[in-house]
Amino acid sequence: MTHYALLIDGQLQTAEHLDEVLDPATEQVVGYAARASEAQVDAAVEAAQRAFAAWAADPQARRHALALAAAILRENSQQIAELISLEQGRPVRFTLGEVAGAAATFDHYASFETPPAEVLRDDEQRLVRIERRPLGVVAAITPWNVPIILLVLKLAPALHAGNTLVAKPSEHTPLSTLLLGHLLKDVFPAGVLNIVAGDGAIGERLSRHPQVRHITFTGSVATGKNLYAGAADDLKRLTLELGGNDAALVLADADIPAIAESLFWGAFWNSGQVCFAIKRLYVHQSLFEPLVAALVARAEKTRLGSGLDPDTELGPLTNRQQLERVKALVADARAHGAVVHTGGTQPDGPGYFFAPTIVSGIAAGVALVDEEQFGPVLPVIAFDDVEDAIRQANASPFGLGASVWTRDVARGEAIARRLDAGLAWVNQHLDVHPGAPKGGYKWSGLGYEGGLRGYDAFSDLQVINIARR
Ligand code: NAD
């Protein structure tokens, strides 16, 4: 059984404690992750601080290293994808896509030109120019649902901008990130990229270290709020990519046979463990029956299984806690009178599987509608009046994504603009353009990731003001 080491100051380091990581499909041990001690977290941050000045001064070396990282990910994509699949549960064909996306992200930043300094004044008396300066040590804390791409979306722009970084993956899926550290060990100068593993306490130690200047976090609202409060003491910068409860609105003119497959995957991809999955489906009452029938038919032919089986469409939930949460939400919905059209059960045998589940007969006020289920259970809610559907969609503390499904694209766009969501789609859900700034409204986040707005978060601005005479 393989042990996966930490990466600190350019060295692979083991630890006093090893955490076993389970395959959620079999509940068998996949491997052991070194759990960083507090001293190792501090050592990683201090190494990153020491490496900062030389790294910040050499943009050419940064570009070169990012291009090399892309190549190494591509060369090792099968190994990384299989490990993600083993610890997270998603089928390999999807985790291969995740690794390809991570390699493309490294490539994108390898050739990314930093926007030129803005000149506000340049005449005989004055030169006034706005420049960017890297921040220093960045702490990147990531969740378990899509571990590698979510890390690289932070890592690549942060390092490109001249910062150094300490990453901490989720305790549920640390192995693929530790493998990445192993593969990239010699790509970056010692201390530029460090990886420590452990639970929330290790994340807290890292996020509160006085030498950390920026925290970039993807995860739950509860942890995001904790980090926000903790960052206040030291006025650390932070970017928060948090949970969602995305609504999809299916209007009366929608073409159900044409959209049912996309709606299904919008809700159930990665067994619903996606921040911006469809988590509430509002449908015009005239289409309620055909839509539920189409989704039930699709759900019932879905092949559940191990991510390593090439026939699998949906894997298990990633961990037992998440399975228990999903089961509890379904039980609570039933207690509130929900109709479970299909699913609602955990299949026999080992693993954290839950059948894709379609539920109706509940509305706001029931946890399955109000909260983020983050699992393969979709509540379908009928509406009469689209204004009422818009109101219900927006009556949520979340605001990550939302979509409108209609044959009338102009009307769809007009409604999409009224939805309180950082990502608003028409006739699709989940697609994110690589240049798009991804950010949530309300409790779904703070700041942006991706695009120029996301890149900006990894620099401070400095106004250079020179008197010429
Ligand atoms: P989580 O908040 O439980 O954990 C995320 C990370 O934070 C883990 O590495 C964990 O160890 C660490 N952590 C926990 N407590 C901490 C603390 N006090 N201080 C510092 N670090 C701490 O989230 P999760 O359950 O791993 O992930 C699922 C959540 O992530 C869902 O809500 C999902 O919507 C959200 N998510 C959001 C996005 C997005 O882009 N908006 C993307 C993916 C997932």
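The values are calculated or read from the model by the stated rules, or taken from the named source; none is laboratory data. Every value quoted in this text rests on a predicted model; they were computed, and no experiment measured them. We place every Cβ from the backbone using ideal geometry, glycine too, and count neighbours over all the protein chains shown. Remember, those area values only see protein heavy atoms, side chains included, never the ligands or the DNA or RNA. Shrake-Rupley method; radii C 1.70, N 1.55, O 1.52, S 1.80 Å.
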Estimated D of region 246-434 in µm² per second, where Rh is the Kirkwood radius over Cα pairs and Stokes-Einstein applies at 25 °C, 0.890 mPa s: 149
222 nm mean residue ellipticity, helices alone, for the chain (DSSP H n ≥ 4; -39,500 (n - 2.57); rounded to 500): -12000 deg cm²/dmol
Mean Cα-pair separation over length for region 362-452, i.e. relative contact order, pairs under 8 Å, 6 or more apart, %: 23
Magnitude of the charge dipole, region 246-434, Cβ model with Lys/Arg +1 and Asp/Glu -1, debye to 20: 260
In sequence order, calculated HN-Hα J values of region 439-451 (Karplus, 6.51, -1.76, 1.60; Hz; x Gly/Pro): x, x, 7, 6, 6, 7, x, 9, x, 10, 10, x, x
Positive-pole candidate from P434, Q125, T2, dipole of the chain, charges at beta carbon: Q125
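Report, in listed order, any pair from K225/K327; K225/K279; K185/K279; K185/K225 with a Cα-Cα distance greater than 29 Å.
Details: K225/K327 26 Å; K225/K279 22 Å; K185/K279 39 Å; K185/K225 33 Å.
With Cα atoms farther than 29 Å apart: K185/K279; K185/K225.
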Accessible area of the chain divided out per residue, in Å², using a probe of 1.4 angstrom: 40
Karplus-derived 3J(HN,Hα), 6.51/-1.76/1.60, for each residue of region 53-68, Hz, glycine and proline x: 4, 5, 5, 5, 8, 10, x, 5, 4, 5, 4, 4, 5, 5, 5, 5
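According to the Cα gyration tensor, what semi-axes, each the square root of 5 times an eigenvalue, does the equivalent ellipsoid of the chain have, listed from largest to smallest in whole Å? It would help to have the intermediate numbers written out before the result.
Values: eigenvalues 302, 160, 70 Å².
Calculated on Cα positions only, the semi-axes equal 39, 28, 19 Å.
Using the crude model of +1 on Lys and Arg Cβ and -1 on Asp and Glu Cβ, and no other charge, please compute the dipole size for the chain relative to its Cα centre, in debye to 20. Don't skip to the answer; put the middle values down first.
On the way: 40 positive and 54 negative charges, 224 e Å.
That gives the chain a dipole magnitude of about 1080 debye.
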Region 248-322: trypsin sites (Lys or Arg not before Pro) falling in loop per DSSP and having at most 13 other Cβ within 10 Å: K301, R303
For region 137-151, 3J(HN,Hα) per residue [Karplus equation, 6.51 cos²θ - 1.76 cosθ + 1.60, θ = phi - 60°, Hz, x = Gly/Pro]: 8, 9, 9, 10, 10, 10, x, 9, 7, 9, x, 7, 5, 5, 6
Amide hydrogen neighbours beyond the local backbone of F353, cut-off 5 Å, H modeled: L317
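Compute the relative contact order of the chain as a whole-number percentage, counting only Cα pairs closer than 8 Å that sit 6 or more residues apart in sequence. Please list the in-between numbers first.
On the way: 1117 pairs, mean separation 86.5, N = 469.
Reported as a whole number, the value is 18 percent.
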